[in-house]
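First the structure, in the form of structure tokens, and then the observations on it.
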Amino acid sequence: MSERRDEQEPIEKWLKELLKLDEAEHAMTDKQLKIVQAAADIFAEKGFAASSTSEIAQRAGVAEGTIFRHYKTKKDLLLSIVTPVMAKLIAPFVLRDFNKVLDSTYDSYDQLLRAIIVNRIEFIEKNMKILKIFIQEIPFQPDMQEQFQKQILSKILEKLTASVEKFQRNGSLIGWSPLTIIRLSVSSIIGYVLSRSLFGSKDAVNWDDEAEREATITFVLKGLAP
């Protein structure tokens, strides 16, 4: 098996980026930064529901009451982490890179799938800890869903729909709703990328990355053939 990719970005680097981007509006205090860093770690490890403010306070090295001086509830603390990241880090990064992919011209749907896969792998692996919070909490947090739909999903769907419709017109994709085709394609790609992140580095798992990628693309193409 080939050598693995770079390690995940340390959460401290992500937080420094968040702090830097927030400077023009309202810089975090040192205590807030420690609280957010501890909360991000614990939310990623245990999930939002299983985390406690006392545990966050202990890891941050502050009194639990300090948390509630800055954030009224645990949910406010969660949203203080994910909302700025969605708006200022994740959304611009995703859209910038996806625009490069989706604004390019492809002769076939499998070329588009390959470009998306390559484009997303590095980002997902380096930011797995923060993305894990999104994956865990988005189904249960309407505020996060609204941010995701507004900042990312609607813009990506618009471009992907145009690409799908083009391949439907030339007869290479089935005439289902473009949203259905996108959902099935993205589900398969995410499954491959996450499996690669979880299992690809473990010697106990016989992971053939090239074979897994080709199998994923073939699975999608055969399932969506006219």
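The values are calculated or read from the model by the stated rules, or taken from the named source; none is laboratory data. Since we're looking at a predicted model, the values are computed, not measured. We place every Cβ from the backbone using ideal geometry, glycine too, and count neighbours over all the protein chains shown.
Restricting attention to the range 95-108, does a residue exist that is more than 9 Å from the chain's Cα centre (by Cα), of a type in the set (Asp, Glu), at pLDDT 75 or above and outside any helix (DSSP H, G or I)?
Of all residues in the range 95-108, those more than 9 Å from the chain's Cα centre (by Cα) come to 95-108.
Now drop any that are not of a type in the set (Asp, Glu), which leaves 97, 103, 107.
Within this subset, residues satisfying the condition of being at pLDDT 75 or above are 103, 107.
Now drop any that are not outside any helix (DSSP H, G or I), which leaves 103, 107.
Yes, there is a match, as at least one residue in the range 95-108 is more than 9 Å from the chain's Cα centre (by Cα), of a type in the set (Asp, Glu), at pLDDT 75 or above and outside any helix (DSSP H, G or I).
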(request) For the range 161-183, enumerate the residues that are in contact with a Leu (Cβ under 7 Å, 6 or more places away or on another chain) and within 19 Å of ASN119 (Cα to Cα). (result) SER163, VAL164, ILE182
(message) Which numbered condition in (1) in a loop (DSSP other than H, G, I, E, B); (2) surrounded by 13 or more Cβ atoms within 10 Å (Cβ to Cβ) is the only one that GLY171 fails?
(response) (2)
(message) What's the total number of residues in the range 177-189 that are loosely packed, with under 13 Cβ neighbours inside 10 Å and either touching a residue at least 24 places away in the same chain (Cβ under 8 Å) or not in a helix (DSSP H, G or I) (or both)?
(response) 1
(request) Considering (1) modelled with pLDDT under 80; (2) in contact with a helix residue (DSSP H, G or I) (Cβ under 8 Å, 6 or more places away or on another chain); (3) over 30 Å from ALA39 (Cβ atoms), say which one ILE182 fails and leave the rest. (result) (1)
(request) Give the range 39-63 a look and list any residue that's surrounded by fewer than 15 Cβ atoms within 10 Å (Cβ to Cβ), among the acidic types (Asp, Glu) and at pLDDT 90 or above, or say none. (result) none
(request) Restricting attention to the range 24-58, report how many residues are within 25 Å of the chain's Cα centre (by Cα), farther than 19 Å from LYS132 by Cα and of a type in the set (Lys, Arg). (result) 1
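Does GLU3 satisfy being surrounded by 16 or more Cβ atoms within 10 Å (Cβ to Cβ), modelled with pLDDT under 80 and not in a helix (DSSP H, G or I)?
Values: surrounded by 16 or more Cβ atoms within 10 Å (Cβ to Cβ): no; modelled with pLDDT under 80: yes; not in a helix (DSSP H, G or I): yes.
So GLU3 does not fit the description; no.
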(request) Quick one: in the range 45-70, of everything that is of a type in the set (Ser, Thr, Tyr) and part of a helix (DSSP H, G or I), which residue is nearest to LYS34 (Cα to Cα)? (result) THR66
(message) Pairs please, first residue from the range 129-148 and at pLDDT 75 or above, second anywhere and exposed (fewer than 14 other Cβ atoms within 10 Å of the Cβ) and not polar (S, T, N, Q), Cβ atoms under 9 Å, 6+ apart in sequence or on different chains.
(response) GLN145/PRO139
